[in-house]
Amino acid sequence: MKGSSVSVGTLLDGKGRRVFSIAADASVYSAIEEMAEKGVGALVVLENGQLAGILSERDYTRKVILAGRSSRETKTGEIMSTDLITVSPADTVGYCLRVMTEHRVRHLPVLSDGEVVGVLSIGDLVKQVIAEQEDTIDHLQSYITGAYMS
């Protein structure tokens, strides 16, 4: 599968560039509350305005719940993922899908000049690919039925 050639920047223009973040010294409980309130599965963790890590529901379940830790006592910075893979607005949706699959991650921070300008989830990318496939099917059906004009 070749993948989508739509740029991350174009996808963010449609999805929105709002970035939900939390400080490394905030409690994990606060982070989980924020995720629930915003309806997201991950938050970027910022220290002095810079990307320090990402905290996902997966980090919470594996590093707090299964480890028997307290979400109110544990700091976000203690369990966040720091081995981050980031993308730029110029990268393509197809590239992001390959990176996510290869590295088994579900969220990609988008950086431009060192600043977080968005976050993509696997769901965002799949939704884009499905929309493109539906457009292609519509065009092919129009062509086959003779309704397609050059």
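The values are calculated or read from the model by the stated rules, or taken from the named source; none is laboratory data. Not measured: the values here are computed from a predicted model. Glycine gets a Cβ as well: all are built from the backbone with ideal geometry, and neighbour counts include every protein chain shown.
Considering the stretch 35-60, the residues that are among the charged types (D, E, K, R) and over 22 Å from Ser112 (Cα atoms) include one that is surrounded by the fewest Cβ atoms within 10 Å (Cβ to Cβ), namely Glu37.
Quick one: would you say Val126 is buried (at least 17 other Cβ atoms within 10 Å of the Cβ), at pLDDT below 95 and not polar (S, T, N, Q)? In short, no.
Does any residue of the stretch 135-149 turn out to be among the aliphatic types (A, V, I, L, M) and touching a residue at least 40 places away in the same chain (Cβ under 8 Å)? No, the stretch 135-149 has no match at all. If we scan the stretch 61-83, do we find a residue that is within 26 Å of Ala131 (Cα to Cα), β-branched (Val, Ile, Thr) and exposed (fewer than 15 other Cβ atoms within 10 Å of the Cβ)? Scanning the stretch 61-83, I find no residue that is within 26 Å of Ala131 (Cα to Cα), β-branched (Val, Ile, Thr) and exposed (fewer than 15 other Cβ atoms within 10 Å of the Cβ), so the answer is no.
Mind checking whether some residue in the stretch 91-101 is at pLDDT 95 or above, of a type outside the set (Phe, Trp, Tyr), in a loop (DSSP other than H, G, I, E, B) and more than 16 Å from Gly16 (Cα to Cα)? Yes. Going by the conditions given, is Leu108 part of a loop (DSSP other than H, G, I, E, B), without any contact (Cβ under 8 Å) to a residue 40 or more places away in the chain and not polar (S, T, N, Q)? Answer is no for this residue.
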